[in-house]
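To start, the structure itself, in structure tokens.
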Amino acid sequence: MTTIKDIAREAGVSVAMVSKVLNHPDCGRTETREKVLAVVKRLNYQPNHAAKSMINKRTGMIALIISDVRNPFFTEVARGLEDAANKNNYRVMLCNTDNDPLKQQSYLQALQGRIVDGFIISVASEDSRQLKKINRAELPFVLIDRECQNFRTDAVIVDNRDGAVKAVRHLLNNGRRRVGFIAGKQNTQTGRERMQGYCDALAEQGIAVEQQLIKEGHFTISGGYQAAKALLELPECPDALFIANNAMTMGALRALTEARVRIPKKIALVSFDDVEWAEFFTPPLTVIRQPTYTMGSLAGEILFQRLTEAKQSEIKEIVLRPELIVRKSCGSSLNG
Ligand code: RIB
């Protein structure tokens with residue numbers, strides 16, 4: 001098997017230079033780089049990552065732990081993270097917990113076996129006990145999208161309450177009075193804060209919260225479908241719907257379509273999360289857009305800084321702002 005020493009000898013450079021060219025392709029003089037890479041190709045050299053990680057105790061790999069692999073929100077987060085990882089010469093491993101704390105626990109145990117240098121996680125619940133057991137100096141991690149209660153650590157999230165207030169306030173400002181809410185899991189920060197924003201927007205205009213207008217959708221397509229059906233079966237169904245994420249919106253739209261409900265004429269609709277199909281739906285959906293790509297890339301930059309800093313710097317908690325994107329499903333003819 002060709003070794004890094006064979007490459008150095010054939011190219012007439014030091015082993016260190018070969019390592020530099022392989023690990024930092026953008027550095028060094030062009031002719032040296034091209035000479036080394038030509039020998040690598042001719043001798044079909046394959047780096048031995050296992051040997052390398054034993055020597056420098058680095059795997060060159062990080063993990064992204066997400067709560068729903070089918071949700072396009074996390075695809076965009078992964079895109080932002082992977083672009084940051086490639087810039088820092090890291091590769092990314094994907095883990096999916098299905099919002100299940102037990103599955104999350106099994107991944108966290110596996111990742112402490114020195115198979116990654118650090119990880120990014122959207123937690124399955126606000127319970128921080130699993131994460132508190134991890135030595136962040138040895139295995140640094142950054143939370144995205146959701147934090148844990150009573151546990152300050154590096155995190156990149158959005159202001160979920162603010163996004164929900166913007167959505168419901170917009171519906172109320174456009175004349176709707178009975179806004180139904182399809183809520184996400186209340187044991188997550190995103191679920192809990194979007195509920196808070198819904199209630200705060202109603203309170204702003206002196207409208208009492210009607211518990212029968214709030215249905216739990218568990219952040220899933222089927223949950224959104226069942227919740228929308230339940231709202232449509234009320235003696236007096238709502239004149240608007242605020243839905244706490246894209247997956248539940250897909251389910252709710254199926255129920256509304258089956259019931260031949262006219263959007264926005266009969267029920268106006270605003271969804272948390274922008275997705276590619278939102279503007280192509282009929283009518284195009286008014287949404288709360290999260291800076292999803294930025295969330296992933298910022299979380300990656302924080303993690304890579306943790307992996308290279310000699311001394312632990314202060315905790316970084318970044319709260320991004322979501323944006324109201326007005327289309328036609330909310331019934332507003334105005335932009336904004
Ligand atoms: O659809 C993805 C969004 O909904 C994320 O914020 C996730 O946490 C869920 O709340």
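The values are calculated or read from the model by the stated rules, or taken from the named source; none is laboratory data. Here the structure is a predicted model, which means the values were calculated and not measured. Don't worry about glycine lacking a Cβ; one is built from the backbone with ideal geometry, like all the others, and counts go over all protein chains shown.
List of remarks:
- Of all the numbered requirements in (1) modelled with pLDDT of 75 or more; (2) in a helix (DSSP H, G or I), ARG70 misses one, and that requirement is (2).
- In region 122-171, residue nearest to the ligand (Cβ to nearest atom) [restricted to those that are more than 24 Å from GLY197 (Cα to Cα) and assigned to a strand (DSSP E or B)]: VAL142
- The sole residue among LYS229, LYS166 that is of a type in the set (Lys, Arg), free of Cβ contacts under 8 Å to residues at least 40 places away in the same chain and over 23 Å from PRO101 (Cβ atoms) is LYS229.
- Whether a residue is at pLDDT below 95, within 16 Å of the ligand (Cβ to nearest atom) and within 29 Å of the chain's Cα centre (by Cα) was assessed, and ALA247 does not pass this test.
- Inter-residue pairs, beta-carbon under 6 Å, first closer than 22 Å to ARG306 by Cβ and in region 60-80, second of a type in the set (Lys, Arg) and away from the ligand (no atom under 12 Å from the Cβ), 6+ apart: MET61/ARG91
- Considering region 192-201, the residues that are free of Cβ contacts under 8 Å to residues at least 60 places away in the same chain and within 13 Å of the ligand (Cβ to nearest atom) include one that is farthest from GLU236 (Cα to Cα), namely GLU193.
- Filtered residues of region 250-261 (kept if away from the ligand (no atom under 15 Å from the Cβ) and at negative phi): ARG254, ALA255, LEU256, THR257, GLU258, ALA259, VAL261
- Qualifying residues in region 56-67 (those that are at pLDDT 95 or above and under 10 Å from the mean Cα position of the chain (by Cα)) - the one nearest to the ligand (Cβ to nearest atom): ILE66
- Which numbered condition ASP159 misses (of (1) of a type outside the set (S, T, N, Q); (2) surrounded by 17 or more Cβ atoms within 10 Å (Cβ to Cβ); (3) within 17 Å of ILE288 (Cα to Cα)): (2)
- Leading residue by the ranking (surrounded by the most Cβ atoms within 10 Å (Cβ to Cβ)) among those in region 172-191 that are in a helix (DSSP H, G or I) and away from the ligand (no atom under 16 Å from the Cβ): LEU172
- Residue count for region 192-218, restricted to those that are of a type outside the set (D, E, K, R), more than 14 Å from ASN71 (Cβ to Cβ) and crowded, with 22+ Cβ neighbours inside 10 Å: 3
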